[in-house]
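The values are calculated or read from the model by the stated rules, or taken from the named source; none is laboratory data. On a predicted model such as this, the values are computed, not experimentally measured, just so you know. For neighbour counting, all protein chains shown are included, and Cβ atoms are generated from backbone atoms with ideal geometry for every residue, glycine included.
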Number of protein chains: 2
Amino acid sequence: MKYCSYCGSNSIAWVVPAGDNRPRHVCGSCNEIFYQNPKIVVGCIPEWEDSILLCKRAIEPRYGYWTLPAGFMENEETTQEAAERETLEEANARVELLGLYTVMNIPHTNQVYMMFRSRLLDLEFGPGSESLECKLFLEHEIPWRDLAFPTIVHTLRLYFEERRSARYGVHLGDIVRDAHRAIFIPRRQR
Amino acid sequence: MKYCSYCGSNSIAWVVPAGDNRPRHVCGSCNEIFYQNPKIVVGCIPEWEDSILLCKRAIEPRYGYWTLPAGFMENEETTQEAAERETLEEANARVELLGLYTVMNIPHTNQVYMMFRSRLLDLEFGPGSESLECKLFLEHEIPWRDLAFPTIVHTLRLYFEERRSARYGVHLGDIVRDAHRAIFIPRRQR
């Protein structure tokens, strides 16, 4: 941020505003404060019988890697609408949502993932503009080493583990980075 | 938004960028696209024996109305850290989080509320700079007509209902407005 989007001034400072406790972009001319907050990424696990639908990414980051349909929640929609829209956009697929499944914080990327379980309504799916390919996978076919993001890996791990008993919880946890990789830390519900 | 925060140009248009499907603020000079996304509000229900802690707001909106400690999630933190921080800032209170409790979409204000159940660690609480007063309430003492927001009303309704059996779920729902008031629509988990 170099210019104030309200007054056009270039006197933008990175300072702690009066009454606040952390630095923000503040305009030295009109005093406007610009807040930046985490974004919500919403998606789903589309089921069809024993398979689930994955999309091969046609965009960066992680071009060519497999993911569940998911993307940034937009203004004026609900998390459920966002999950359905992303599934339609990325896989041309229609789903019925079954429930909120994972909520994962990624503090180092300022994101919160919210993934739903869902049921594919038909087999009329295919890659949208952000996907190279969309395909159903049985559990033993999941390309674990070629999944795009830790949130996807850990959501699918929880899902296949719980699917054996067909009892699904709602899981909260954090993705944290150590020197080598991203680790999922579950936060138990009591 | 009147000026581009990257290049300072005043040729900001509200248009659908190429490859997108909804209008954004786009700079006609440097082509930067400015996305706006929903914000996350995080808070908790602090329990102490049969009471819960509420804060009387010292700021607008809803100055003088009662609320649970809650506020905007910040970058570089988790939802749990945000809930603890807001409780400390608004009520000078330390809590142990017990679990995620409600997730409420408010599409007309571009917010998603995430409220946790929690346990007050001690009685050393008191109003922070955004509160006029902080006080413990038994269920029959809750000032239902003077609660600040529909999200707080519906989170507390669910909480007291479930407290009778001491079995708590995770609740997803939407706050929608009709002509007269805000209605809570629960979205059932299956």
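Could you check, for the range B:33-43, whether at least one of its residues is within 11 Å of another protein chain (Cβ to nearest Cβ), more than 30 Å from B:Thr67 (Cβ to Cβ) and at pLDDT 95 or above?
Yes, the conditions are met somewhere in the range B:33-43.
For the range B:13-26, indicate whether the set of residues that are of a type in the set (Val, Ile, Thr), buried (at least 19 other Cβ atoms within 10 Å of the Cβ) and touching a helix residue (DSSP H, G or I) at 6+ places or on another chain (Cβ under 7 Å) is non-empty.
no
Do you know which of the residues in the range B:109-146 that are of a type in the set (D, E, K, R), within 20 Å of the chain's Cα centre (by Cα) and away from chain A (no Cβ under 14 Å) is surrounded by the fewest Cβ atoms within 10 Å (Cβ to Cβ)? Before the answer, list the steps.
Applying the first criterion (of a type in the set (D, E, K, R)) to the range B:109-146 yields B:117, B:119, B:122, B:124, B:130, B:133, B:135, B:139, B:141, B:145-146.
Still in the running and within 20 Å of the chain's Cα centre (by Cα): B:117, B:119, B:130, B:133, B:135, B:145-146.
Filter once more, so that each one left must be away from chain A (no Cβ under 14 Å): B:133, B:135, B:145-146.
Working: B:Glu133: 14, B:Lys135: 17, B:Arg145: 8, B:Asp146: 13.
Going through the qualifying residues, I end up with B:Arg145.
Residues in the range A:165-175: is at least one of a type in the set (D, E, K, R) and more than 27 Å from B:Thr79 (Cα to Cα)?
No, that holds for no residue.
Is there a residue being away from chain A (no Cβ under 14 Å) and part of a loop (DSSP other than H, G, I, E, B) anywhere in the range B:150-161?
Within the range B:150-161 (the criterion being away from chain A (no Cβ under 14 Å) and part of a loop (DSSP other than H, G, I, E, B)), the answer is no, since none of the residues qualifies.
Does the range B:51-65 contain any residue that is farther than 21 Å from B:Leu147 by Cα and in contact with a strand residue (DSSP E or B) (Cβ under 6 Å, 6 or more places away or on another chain)? Before the answer, list the steps.
To start, the set of residues in the range B:51-65 that are farther than 21 Å from B:Leu147 by Cα comprises none.
The answer is no, given that none of the residues of the range B:51-65 is farther than 21 Å from B:Leu147 by Cα and in contact with a strand residue (DSSP E or B) (Cβ under 6 Å, 6 or more places away or on another chain).
Does the range A:11-27 contain any residue that is closer than 30 Å to A:Lys135 by Cα and either under 17 Å from the mean Cα position of the chain (by Cα) or part of a strand (DSSP E or B) (or both)?
no
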